[in-house]
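Student: So that we are looking at the same thing, I have put the structure below in structure tokens.
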Amino acid sequence: MRNQCKPAVEAAFLNVQNAAQYMGISVNTLYVWRHRRQGPPSFRMGPGGRVMYRRDLLDAWLSEQEQADSRSNPALNPLNRAPRQRERRRAA
């Protein structure tokens, strides 16, 4: 039996290319998010300072994004709220 390595997307730590592939986005988008400090948490690893992502933190970040979206979270959908009554203006 041959020794088979795990696919990159199953590893605990992912480089930028594998993290982008795992999330289904472009590498450029991931770099832009990192530059703007908007995306998932990342860190530099090793003497060369390679940018890496922990897969469990990617999953957590994606889950947070899903919960923050009104299309995925019914509690945030404005159409699920009861309509508010307008206040009548009083004549002066």
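The values are calculated or read from the model by the stated rules, or taken from the named source; none is laboratory data. The model shown is predicted, which means the values in this text are computed figures rather than measured ones. Ideal geometry is used to build each Cβ from the backbone, glycine not excepted, and the neighbour counts take in all protein chains shown. Ligands, DNA and RNA are excluded from the accessible area calculation, which covers all protein heavy atoms including side chains. Shrake-Rupley method; radii C 1.70, N 1.55, O 1.52, S 1.80 Å.
Student: Pick from Arg36, Arg55: which is open to solvent by 60 Å² or more (accessible area, probe 1.4 Å) and free of Cβ contacts under 8 Å to residues at least 40 places away in the same chain? Give the steps one after another, and end with the answer.
Tutor: Values: Arg55 fails: free of Cβ contacts under 8 Å to residues at least 40 places away in the same chain.
It is Arg36.
Student: Taking the range 25-74 on its own, how many of its residues are over 11 Å from the mean Cα position of the chain (by Cα) and of a type outside the set (Lys, Arg)?
Tutor: Total satisfying the criteria: 23.
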